[in-house]
Amino acid sequence: MSSTSIQAILQHHAKQLEAALNLDSSSARIEVQCLLQAVLQVNRAYLLTYPEQSLAADQQARYMALLERRLSGEPIAYLLGEREFYGLTFKVSPATLIPRPETELLVELALQHIPQQGACRVLDLGTGSGAIALSIAHARPNIEVVAVDASRTALEVAQFNMQWLGLGNVRLLHSNWFSALRGESFDIIVSNPPYIAADDAHLARGDVRFEPCTALASGTDGLEDIRLITASAKNHLNDGGWLLLEHGYDQASPVRALLQQTGFTGEFSARDLAGIERVSGGRKG
Ligand code: GLN
């Protein structure tokens with residue numbers, strides 16, 4: 001077996017990745033498979049069917065360049081340029097947060113409040129790659145979704161994803177939270193805002209080191225943007241409308257308190273698949 005065969009690469013480099021990034025062995029193997037699939041433009045079944053195949057010199061060079069970047073910590077999603085979320089594939093770039101599985105809870109809760117039929121206006125604040133807004137728009141093609149972001153480069157990524165997914169029911173706007181939404185009101189407002197405390201050690205670890213800080217950190221207690229959003233959201237909600245916010249693992253109680261202080265009713269928190277209270281919401285009126 002040649003040292004550049006698919007099988008040899010999988011064996012040696014998965015171990016290297018495992019050690020360098022402290023990954024478990026199956027994640028490391030999957031990551032090497034993903035890099036090989038991207039370089040060879042093949043699916044996973046191909047890698048398993050032709051383990052003896054060797055990489056050509058140019059493929060080997062491209063693969064090694066990606067592997068080196070991954071070994072130095074760059075997120076696999078940025079190297080591949082995409083990430084799956086809610087069953088859809090999203091383009092991602094360092095201008096956007098990488099969509100996370102726990103955020104699917106926010107999409108599910110929003111969909112529970114959106115009728116299968118009939119009109120409904122949904123707003124996503126800080127849309128980034130568009131993962132939340134576009135997943136909702138995809139699941140409910142008859143409603144209108146507005147998605148805003150303060151970053152123009154993030155909006156370009158969301159625009160690409162909107163076109164890629166062929167969605168015609170989404171409006172993307174450049175806006176710092178509600179700044180460009182004067183006079184507009186919605187039935188549901190969702191957001192995965194930045195919510196990590198600025199001095200949190202978590203910001204110096206793993207993937208987050210490479211993600212945009214503006215999408216992650218929010219003041220000394222991580223709640224600065226959630227305070228801004230809860231303070232203004234009622235002005236942009238129809239009566240009976242819901243505000244649904246993702247937040248940190250220990251923020252459910254302060255976020256419910258903020259919702260109550262700003263006049264929301266029916267505050268609740270919902271747990272993600274890890275059992276952590278991850279999304280809280282309240283109703284206007
Ligand atoms: N859930 C992300 C993390 O902890 C943070 C996302 C956010 O701040 N909105 O890595």
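Just so you know, in segment 188-211 the residues that are under 18 Å from W177 (Cβ atoms) and more than 10 Å from the ligand (Cβ to nearest atom) include one that is nearest to the chain's Cα centre (by Cα), and it is V190. Residues in segment 185-217 that are assigned to a loop (DSSP other than H, G, I, E, B) and farther than 16 Å from A154 by Cβ were compared, and the one that is least open to solvent (accessible area, probe 1.4 Å) is A197. R83 satisfies every condition listed in (1) more than 17 Å from E211 (Cβ to Cβ); (2) within 24 Å of the chain's Cα centre (by Cα) except (1). Residues of segment 215-224 that are within 10 Å of the ligand (Cβ to nearest atom) and out of contact with any Leu (no Cβ under 8 Å at 6 or more places or on another chain): S218, G222. Within segment 15-73, work out how many residues are assigned to a helix (DSSP H, G or I), touching a Ser or Thr at 6+ places or on another chain (Cβ under 6 Å) and either surrounded by 18 or more Cβ atoms within 10 Å (Cβ to Cβ) or modelled with pLDDT under 95 (or both). Final tally of qualifying residues: 1.
Taking residues in segment 184-198 that are free of Cβ contacts under 8 Å to residues at least 40 places away in the same chain and of a type in the set (K, R), and partners anywhere that are part of a loop (DSSP other than H, G, I, E, B) and more than 9 Å from the ligand (Cβ to nearest atom), not one pair has Cβ atoms closer than 8 Å while being at least 6 places apart or on different chains. When E144 is tested against (1) surrounded by fewer than 19 Cβ atoms within 10 Å (Cβ to Cβ); (2) of a type outside the set (S, T, N, Q); (3) in contact with an Asp or Glu (Cβ under 8 Å, 6 or more places away or on another chain), only condition (3) is not met. Screening G240 with (1) at pLDDT 95 or above; (2) near the ligand (Cβ under 10 Å from one of its atoms); (3) of a type outside the set (V, I, T); (4) surrounded by fewer than 16 Cβ atoms within 10 Å (Cβ to Cβ) gives one miss only, at (2). Listed by first and then second residue, the pairs linking a residue in segment 135-150 that is in contact (Cβ under 8 Å) with a residue 40 or more places away in the chain to a residue that is small (G, A, S) and outside any strand (DSSP E or B), with Cβ atoms under 6 Å apart and 6 or more places separating them unless they lie on different chains, are I136/A110. Whether a residue is within 11 Å of the ligand (Cβ to nearest atom), open to solvent by 10 Å² or more (accessible area, probe 1.4 Å) and in a helix (DSSP H, G or I) was assessed, and E108 does not pass this test.
Of all the residues in segment 119-138, those that are open to solvent by 40 Å² or more (accessible area, probe 1.4 Å) and farther than 20 Å from H236 by Cβ number 1. Screening L17, L35, L21, L67 for residues that are within 23 Å of R209 (Cα to Cα) and touching a Gly at 6+ places or on another chain (Cβ under 8 Å) leaves exactly one candidate, L21. Going by the conditions given, is A77 touching a residue at least 40 places away in the same chain (Cβ under 8 Å), open to solvent by 20 Å² or more (accessible area, probe 1.4 Å) and on the phi < 0 side of the Ramachandran plot? So A77 does not fit the description; no.
Within segment 88-105, the set of residues being in contact (Cβ under 8 Å) with a residue 40 or more places away in the chain and either within 16 Å of the ligand (Cβ to nearest atom) or more than 12 Å from the chain's Cα centre (by Cα) (or both) comprises F90, V92, P94, A95, T96, L97, I98, P101, E102, T103, L105.
Restricting attention to segment 144-166, does a residue exist that is basic (K, R) and either within 16 Å of the ligand (Cβ to nearest atom) or not in a helix (DSSP H, G or I) (or both)? The answer is no; no qualifying residue exists.
The values are calculated or read from the model by the stated rules, or taken from the named source; none is laboratory data. What you see is a predicted model; the values in this text were computed from it and never measured. So basically every Cβ, Gly included, is an ideal-geometry build from the backbone, and we count neighbours across all protein chains shown. All accessible areas refer to the heavy atoms of the entire protein, side chains included, with ligands and DNA or RNA removed. Shrake-Rupley method; radii C 1.70, N 1.55, O 1.52, S 1.80 Å.
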